[in-house]
Amino acid sequence: MPPTQKLQASDRRYTIANREALFGISLVVFHFLWWFGFAYGLGSKEVDEYTYILGFPAWFFYSCIIGFILISLLVFIIVKKFFVNIPLDEEESDI
C-alpha cells in the first residue's frame, strides 16, 4: 500500500470529508430532481392551461421559488447537524 493510501486510511478527516461530500451530492441530486419534476411536469402544458401563484406560473413557483427556499433550509439543517469542524493542517506526528 503506498504511503498516501496508508495515511488516508488512518486519518479520520478523510472519512468525514467523504461523508460530507456524499451529503452535498445527495442535495444536488435532490434539488435537480425537484426542479426537473416541477419545471417539466407542470410546465409541459399549453400556456393557456397554466395556473398562476403570486403572478408566477405554478411550475416556476414550485420549481424555482419554493425549490430554492426548500434547498436553502435543507443545506442549513444538514450543515448545522451533520458537518463537523475539523483541522485541515497536518499534525506534527504525521510529518
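The values are calculated or read from the model by the stated rules, or taken from the named source; none is laboratory data. Remember, it's a predicted structure, so these values are computed and weren't measured experimentally. Cβ coordinates were reconstructed from backbone atoms using ideal geometry, including for glycine residues, and neighbour counts include every protein chain displayed.
Check whether at least one residue in the range 61-73 is in a helix (DSSP H, G or I) and over 26 Å from the mean Cα position of the chain (by Cα), and report yes or no. There is no residue in the range 61-73 that is in a helix (DSSP H, G or I) and over 26 Å from the mean Cα position of the chain (by Cα). Counting the residues of the range 17-30 that are in contact with a Phe, Trp or Tyr (Cβ under 9 Å, 6 or more places away or on another chain) and surrounded by 14 or more Cβ atoms within 10 Å (Cβ to Cβ) gives 2.
The set of residues in the range 42-60 that are out of contact with any helix residue (DSSP H, G or I) (no Cβ under 6 Å at 6 or more places or on another chain), part of a helix (DSSP H, G or I) and surrounded by 10 or more Cβ atoms within 10 Å (Cβ to Cβ) contains only F60.
Scanning for something more than 23 Å from the chain's Cα centre (by Cα), of a type in the set (S, T, Y) and at pLDDT below 95, does the range 24-41 turn up at least one residue? The answer is no, given that none of the residues of the range 24-41 is more than 23 Å from the chain's Cα centre (by Cα), of a type in the set (S, T, Y) and at pLDDT below 95.
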